[in-house]
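Below is one structure, written out as structure tokens; comments come after it.
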Amino acid sequence: MKSMSVYIDSPYYIAPDGTVGQEAFAVIRDTIAKLNMVALGRVVLARREHVIALEPKGRGLVGTTLRYPYEVRAEKPYFEDIPELKLPKEMLDLAAHIVQTKSGHFDPSQFEDRYENALIDLLKKKQAGEKIEPARETPPPRVVNLMDALRRSVEAERGGSAKRQAPSAKAHGSESERPKKKKSR
């Protein structure tokens, strides 16, 4: 069975329009809240019918449009080529430490739409008559050994240096350390 999260599309706040529907609205809201359920319905948005899930939210409802099954792709073709790997315990422990130290409560105010902000800045510069220079892209650093990268991340967080070296990449089977196959002629 597929996870419901792949069907979720867009949320909307729903409130009664005027006094006529307030009682019916409150009955639906309070009943699904009391039963700890989600109501499903249909709604037309932009000349198209959608399935909508209704959940109580304070004195209102949140309606989340859902995708139809034909709009959701099966995950198998995307994931079937991912091999099962036996990961070293040390690597998993380091990753868990990083995740735990970086975790916190979800705060959407911490996120910004960097693309939109950059576009607004660009438009302001253009309106002011400034010359627009294309941005220079710098490639991200190449990570050869995940274990070394995890250790450097932990060291950087502690304020120390990442001088301590991990076992050679050869021990972890890095592509760069493997002998090259000779080409047959």
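The values are calculated or read from the model by the stated rules, or taken from the named source; none is laboratory data. Keep in mind that what you see is a predicted model, and the values were worked out from it rather than measured. Glycine also receives a Cβ, built like all others from the backbone with ideal geometry; neighbour counts cover every protein chain displayed. Note: accessible area is taken over every heavy atom of the protein model, side chains too, but ligands, DNA and RNA are not part of it. Shrake-Rupley method; radii C 1.70, N 1.55, O 1.52, S 1.80 Å.
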When LYS181 is run through (1) of a type outside the set (Gly, Ala, Ser); (2) at pLDDT below 80; (3) in a helix (DSSP H, G or I), the failure sits at (3)
Review point. Is it the case that some residue within the stretch 78-97 is surrounded by 10 or more Cβ atoms within 10 Å (Cβ to Cβ), under 19 Å from the mean Cα position of the chain (by Cα) and not in a helix (DSSP H, G or I)?
Key: no
Reported set for the stretch 51-68 where residues are open to solvent by less than 90 Å² (accessible area, probe 1.4 Å) and within 24 Å of the chain's Cα centre (by Cα) is VAL51, ILE52, ALA53, LEU54, GLU55, VAL62, GLY63, THR64, THR65, LEU66, ARG67, TYR68
Of the conditions (1) modelled with pLDDT of 90 or more; (2) open to solvent by less than 60 Å² (accessible area, probe 1.4 Å); (3) not β-branched (Val, Ile, Thr), the single one that LEU122 does not satisfy is (2)
| message | Condition check: closer than 18 Å to VAL6 by Cα and among the basic types (Lys, Arg). Does ARG47 satisfy that? | response | no
Those residues of the stretch 1-49 which are hydroxyl-bearing (Ser, Thr, Tyr), exposed (fewer than 10 other Cβ atoms within 10 Å of the Cβ) and in a helix (DSSP H, G or I) amount to SER5
ALA74 meets each of (1) aliphatic (A, V, I, L, M); (2) open to solvent by 70 Å² or more (accessible area, probe 1.4 Å); (3) not in a helix (DSSP H, G or I) with one exception, condition (2)
Kindly evaluate ILE120 against the criterion of being touching a residue at least 24 places away in the same chain (Cβ under 8 Å), assigned to a helix (DSSP H, G or I) and not acidic (Asp, Glu). no
Open to solvent by less than 100 Å² (accessible area, probe 1.4 Å) and farther than 30 Å from GLY159 by Cβ, is that true of GLY129? yes
Given (1) touching a helix residue (DSSP H, G or I) at 6+ places or on another chain (Cβ under 6 Å); (2) aliphatic (A, V, I, L, M); (3) free of Cβ contacts under 8 Å to residues at least 12 places away in the same chain, ALA39 misses just (3)
